[in-house]
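For reference, the structure is listed below as C-alpha cells.
None of the figures in this text is laboratory data; all of them are computed from the coordinates on show. These numbers come from a predicted model, not from an experiment. Counting neighbours? That spans all protein chains shown, and the Cβs are built from the backbone with ideal geometry, glycine included.
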Amino acid sequence: ALGAFAAVRAVAPPAQPSTSASTPAEEGATRIRTSAQLDAALAAAAQADDPLTRRLRFFELVERAEPGELRRLFLSAQMTRREKRAIAQRWAETDAADMFDFLKGLSLTDWERDAEQHDAVRGILFRAWARQDPEAALAAAGSLGHRRQFRSAPWEIVQVVFATDPAKAFVLAAGLPRHSGREPLHDSIWQADPAGFLKLAGEAPTGALNGQ
C-alpha cells in the first residue's frame, strides 16, 4: 500500500502552491468535513470512467483525510478489502494511537467475523508504528495483556526493528514473552551475524536466551 501511495504521487504530483491568498472557503474545500461530504467524495470516485481514474481519486481522498475521516473511510461499506488495507496504512502512518484505540475496541467476536482482514490490519498498524516509535508500539501491545488477537504484535514490531537495527531488536526481544516469537528472532540474528549474536548474547539481560 505504501508503494501505491508513492506511485500515485509520481503519476499525479501535488499541485504547486498558489501565489494568491486562499479564502477560508477555498481552504475548507480541500478538507473533508462531514459524513455527507465524505459520502459525496466516495461517490465521485466510484463514478470515474475507468479503474485508473477511480484509483487515483481514491488515493487522493485518502491522502488528504484526517485520522477521524480515515476511520469513517475504513468503516465504509463502499470500500473493498484491498482499499481498506490501503486506508489502514495511511491511518497507521498519520495517527497510530487512534487506529490502535479502534482495533483494541473490537470484541473478539467482532474480530473473528473477519479474522483474516483484522489480522492483516493489525500487522499494518504495528509495522508502521514500529518504524516511527518501536518503544511506544511495544508499550501499546503490552498494555493488552494476553488478548490472543494481539499476541503476535510484539513480534511484528521487533521484526521491523531487526531489518535496520539487529542489536536494538535483540534488546527489545529480550523482554518479550516466549510466545511472542523471540526464539525465531534469535535465530535470525545468529544467521545474519554469528559474531554479532555472540556479542549481543554476552550483553543481554540474564535469561534472555533461555526463556527464564
Original post:
What length, rounded to one decimal in nm, is gained on full extension from residue 97 through to residue 49, with 0.36 nm per residue of separation minus their alpha-carbon distance?
Top reply: 13.6 nm
Subject >> Estimated vicinal HN-Hα couplings, Hz - the stretch 162-170 in sequence order (Karplus 6.51, -1.76, 1.60; Gly, Pro = x) >> reply: 4, 4, 10, 8, x, 5, 5, 4, 4
Original post:
Rg and Dmax of the stretch 92-152 over Cα atoms: what are they, in angstrom?
Top reply: 10.9, 30
Original post:
How much length, in nm to one decimal, is gained on full extension between residue 112 and residue 132, taken as 0.36 nm per residue of separation minus their Cα-Cα distance?
Top reply: 4.4 nm
Original post:
For residue 95, what is the net charge nearby, where nearby means another residue's Cβ is under 15 Å from its Cβ and Lys, Arg count +1, Asp, Glu -1?
Top reply: -1
Original post:
Roughly what would the spin-label model give for residue 119 and residue 167, points 7 Å off Cα along C-beta, in nm?
Top reply: 3.6
